[in-house]
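The next block holds one structure in the form of structure tokens; read it before the comments.
Rule-based calculations on the coordinates, nothing more; no lab input. Only a predicted model underlies this, so the values are computations on that prediction, with no experimental measurement involved. Using ideal geometry, Cβ is built from the backbone for each residue, glycine included, and neighbour counts are taken over all protein chains shown.
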Amino acid sequence: MRLRTANLIVTTRGQKVKILLSIAAMCVFALLFSTQAQTQTAGTNLVIHANWDSKSAVDGVVTLGQMNLKGPETVIVSRNLWNGRAAFQTVLAPNAVYDVILTSSDGTQLAKFPVTTVMINPANLERAGISLVFSRADKSLKSASVNVDMNF
């Protein structure tokens, strides 16, 4: 009976080793035969929609800035909202962090949020859009919806 238990343990360890070797082989195979992502677009179409809860469009400015390790962020683009909407095409850097800042026409900062390209290839990011709805009474954010289109 003891011998049988020993064989069971050896078999279980052997199965674990086989599984680990199989996983390692698959990872090596994937690494050796994978192709690097190809540039699909000449930049990413970034879109923002901003409305009040009364359905009227927000008037203001949206700014995209790239955060730097030292010093102030670099402003990539700044656009006026037209009918509550702004859009622009830009090339995003890999492994970067950006700030999107929405300021109303009276100078109030309505929203500021980070966007990152850390876990994606920004060359494959065709479009990123966000729709924001703010409370007219206290200018607080009521809802946000984010949509992203990738091309592999």
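Using per-residue counts of other Cβ atoms within 10 Å, averaged over each peptide, order 93-105, 42-54 from highest down.
42-54, 93-105
Go ahead and collect, in residue order, the members of region 83-105 whose backbone nitrogen is under 16 Å from a label point 7 Å along the Cα-Cβ direction of residue 141.
Residues 98-104 qualify, since their backbone N sits under 16 Å from the label point.
Specify whether the C-alpha gyration tensor of region 44-150 places it in the rounded, prolate or oblate class, a ≥ b ≥ c being the square roots of the eigenvalues: rounded for a/c under 1.5, otherwise prolate if a/b is larger than b/c and oblate if not.
Numbers: a/c = 2.06, a/b = 1.55, b/c = 1.33.
Prolate, since a/c reaches 1.5 and a/b exceeds b/c.
Classify region 41-89 from the C-alpha gyration tensor, please: rounded if a/c falls under 1.5, else prolate or oblate depending on whether a/b exceeds b/c.
Taking the square roots of the gyration eigenvalues as a ≥ b ≥ c, region 41-89 is oblate.
Averaging sequence separations of C-alpha pairs under 8 Å and six or more residues apart, then dividing by the length of region 44-150, give the relative contact order as a whole percent.
Relative contact order of region 44-150: 31 percent.
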